[in-house]
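*Asks:* The structure's right below; bear with me while I get my questions together.
No lab work stands behind these numbers, since they all come straight from the coordinates. Not measured: the values here are computed from a predicted model. Here the Cβ positions follow ideal geometry from the backbone for every residue, glycine too, while neighbour counts run over all protein chains shown.
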Amino acid sequence: MRKQSLFVTTVLLVLLLATSISSAQSPILHDVRHGYGVTGVGWLSDYHAPLKNTPGDSRVYYLDSGNPGATVVILGGSHSNEIAGIAAATLIVERAVVTAGRVIVIPYANSSGAMSIDDWRPHIRTWSVETESGVRTFPYGDRRTNAAHQEPDPETYAHYPSGYELDGNEARNLNRAHPGKADGTLTQQMAYAYCRIILDEQADIAIDMHEAGVTSRLANMVIANPKNLDGAVMAVVDLEMQGIIMNVEQSSEEFRGLSHREWGDHTQAAAYLIETPNPAQTPDIPDDEVDVVTDPVNPLAKRAATQLATIQAILTFHDEFYGETLRWEGLPSFNDLVENGLGAYLR
Ligand SMILES: [Zn+2]
């Protein structure tokens, strides 16, 4: 009996210690240095209070021109190993100055995933870029929410609200959790908060930046909700005229939980997802040949430049065809970013 109660006390103490450690560390802050265009900084938990003090909370950056125009929500890092989106979102926060409309950027959409080790390439823990202010190092995380931050994966994950079934570990995949669930898992609550941002801020356009293996069908792809497929088609034509080749696809009816599908279906926003080719997500490339920053064919600067050029092409379409105007300056052109590298523009 005494042994048992000592055991129980020890377990309780350990649990208490573990809880206090995790809450003391959460949420973590990432190295994002806001430039002249940032007019406000908030938290994801401002849109869903239960996320406060959890590893799922993340910084939200506002770049408000103060002038009429469109509201655009941009996510990087829904999958924390898809770093071109994180790099592009960080560049927007650090360099963009919006002159018409308003941009809301979340560079680390799944901050818990950024605190995980990538399943596929566990040897890649960080990526670094030399900038004017010194070497900056960023986390290379996992595709999913950290397993320690959420209850154990179920045998089968049933997407809410469709009931669409996936492997149990997809319960920690933010891009299978949209539109989210207010009282669901940490991942479902993050997804819920992103829908709330889009709804509460009355976003016209919502963009989710991803990457795929270089030989994947998805690499260099714009995926759009059927209701705004015209925007993706016109953006890809615009890009082709600039010599940037992207493909178009529309959200599948069958696969549920993806941002472009659920944001488009559950909110007023036109919903787009952009995929660039990440060598580390390519199974055929051995570990010792993978370089996520300076790959000769798909360097990170080119992938981030492709994300930004695609966003610009989407914005141009919405401005010209629907009068939804978002204008900004300060970001490098595609060619300048490819030529000069990320280090020339990260602060
Ligand atoms: Zn992804």
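*Asks:* Angle, helix 186-200 long axis vs. longest principal axis of the chain, Cα atoms, 0 to 90°, nearest 10?
*Replies:* Once rounded, the angle reads 40 degrees.
*Asks:* Ignoring everything except DSSP H segments at least 4 long, calculate the 222 nm mean residue ellipticity for the chain; use -39,500 (n - 2.57) per segment, divide by total residues, nearest 500.
*Replies:* -10000 deg cm²/dmol
*Asks:* Hey, another quick one. Tell me, what HN-Hα J-couplings in whole Hz come from the Karplus equation 6.51 cos²θ - 1.76 cosθ + 1.60 at θ = phi - 60° for each residue of region 137-144, using x for Gly and Pro?
*Replies:* Listing the rounded values in order: 10, 10, x, 9, x, 9, 4, 10 Hz.
*Asks:* With loop defined by DSSP as not H, G, I, E or B, and exposure as at most 13 other Cβ atoms within 10 Å, which is the longest segment of the chain clear of exposed chymotrypsin sites (Phe, Trp or Tyr not before Pro)? List each step's numbers first, then the result.
*Replies:* Working: sites that count: Y36, F255.
Maximal segment without exposed cleavage sites: 37-254.
*Asks:* I've got another one for you. Roughly how many nanometres apart are two label points built 7 Å out from the Cα toward the Cβ at E289 and N335?
*Replies:* 3.2 nm
*Asks:* Who wins for biggest fluctuation among T215, T71, T276 in a Gaussian network model of the chain, springs between alpha carbons below 10 Å?
*Replies:* T215
*Asks:* Note down the relative contact order for the chain as a percent, whole number, built from C-alpha pairs under 8 angstrom at least six residues apart.
*Replies:* Numbers: 783 pairs, mean separation 63.8, N = 347.
Averaging sequence separation for qualifying contacts and normalising by length gives 18 percent for the chain.
*Asks:* Between region 127-180 and region 329-347, what is the C-alpha centre distance in whole Å?
*Replies:* Cα centroid to Cα centroid, the span is 28 Å.
*Asks:* Working from Cα positions, state the angle (0 to 90°, nearest 10) between the long axis of helix 229-241 and the longest principal axis of the chain.
*Replies:* Taking Cα atoms only, the helix is inclined about 60 degrees.
*Asks:* Right, next: More than 31 Å apart: what percent of Cα pairs in region 31-344 qualify? Provide the component values of the computation, followed by the final result.
*Replies:* Details: 10990 of 49141 pairs.
The share of Cα pairs beyond 31 Å in region 31-344 comes to 22 percent.
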